[in-house]
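Before any comments, here is the structure.
What follows is calculated from the coordinates using simple rules that are stated; it is not laboratory data. None of the values given here were measured: they were computed from a predicted structure. Note that each Cβ is placed from the backbone with ideal geometry, even for glycine, and that neighbours are counted across all protein chains shown.
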Amino acid sequence: MKTLSAKDRIIFALDVSTIGEAEKYIDLLKDHVGMFKIGLQLFVGEGPKVIDAVLSRSSQAKIFLDMKFHDIPETVKGAIKSANLHGVEFITVHCDEGKGLLKAAVESAGNVNILGVTVLTSISKDDLEDIGITEELRDPSKLVLHRARIAKAAGCYGVVCSGEEVGAVKKEFGDTLITVTPGIRLAGEGIKDDDQKRIVTPYKAIYDGADYIVVGRPIKTSPDPVKTATDIAKEIDRALRER
Ligand code: C5P
């Protein structure tokens, strides 16, 4: 992997409903973040044309299509082939359907890098108990590592995991598995009605080895999104120097 600047490591989550709203953030942030993440809200609302909308506004912008696929291998293969037509950098597939699905995704990936979603950052130990995860793996850090091993064995480019587990994932896999960490919150700043449970600061995520961080609401709801993105980049630089 080429050396990434602090800015390149910031993935902004375009969690809005319309292309118009997305364009506002793209124009504002295109020189301050490395990638734009298109998730379910925007993609379901606007369809694939949203990808072209991002690319046409910034020649450097990279796209992370966060579809979190979770279906039979043949269906996911087809969806990834379609995504490949659009010039996407990263696409996500859940790890919890096992190696077969992840392998099918990797086989059809073409130029897209497949990221396995290990355990959502909004999930706690109690949630894992609720959905029947065995006691041995109920600790999110154990389950994340378990699923990261599956993703690695299937040939994934990387995994999505919280900042609480990224250190353990990096310790085991180093640069052979890229880590993308959502659940980023700024020190001392809460988010109203937050659904994220396994959260860390940009500093901690990068210090512990995250290659990229995904930041949505801390930038989106900031009174000055550019300043917040710039401050996050400074925090990343500090973590890179000190790690
Ligand atoms: O607003 P916030 O910073 O919590 O946004 C996080 C983004 O990262 C959301 O778009 C969410 O869908 C995504 N994400 C996540 N946890 C994962 C994978 C993706 O929060 N495990």
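Dipole orientation for the chain: of the candidates VAL16, THR221, LEU65, LEU65 has the Cα lying most toward the positive pole (charges on Cβ; Lys, Arg +1; Asp, Glu -1). Pick out, from SER124, ILE236, PHE36, the residue whose Cα sits farthest towards the positive end of the charge dipole of the chain, with +1 on the Cβ of Lys and Arg and -1 on the Cβ of Asp and Glu. Final value for the positive-end residue is ILE236.
Kirkwood analysis of the Cα pair distances in the chain returns a hydrodynamic radius of 18.0 Å. Legend: ranking of residues CYS161, CYS95 from fewest to most surrounding C-beta atoms inside 10 Å; resulting order CYS95, CYS161. The slack in the chain from ILE72 to THR176, taken as 0.36 nm per residue of separation less the alpha-carbon distance, amounts to 34.8 nm.
Across segment 185-197, computed HN-Hα scalar couplings (Karplus, 6.51 cos²θ - 1.76 cosθ + 1.60, θ = phi - 60°) run 9, 7, 4, x, 10, x, 10, 4, 6, 5, 9, 6, 10 Hz from first to last residue, x flagging Gly and Pro. Were the residues from SER17 through ASP52 laid out at 0.36 nm apart, the gain over their Cα-Cα distance would be 11.0 nm.
Taking a ≥ b ≥ c as the square roots of the Cα gyration tensor eigenvalues, with a/c under 1.5 meaning rounded and otherwise prolate when a/b beats b/c, else oblate, which class fits segment 1-87? Judged from the Cα gyration tensor, segment 1-87 comes out oblate (a/c at least 1.5, b/c at or above a/b). Restricting segment 158-194 to GluC sites (Glu not before Pro) that sit in a DSSP loop and have at most 15 other Cβ atoms within 10 Å of their own Cβ leaves GLU189.
Per residue, the chain reaches -12500 deg cm²/dmol at 222 nm when only DSSP H runs of four or more residues are counted, each adding -39500 (n - 2.57).
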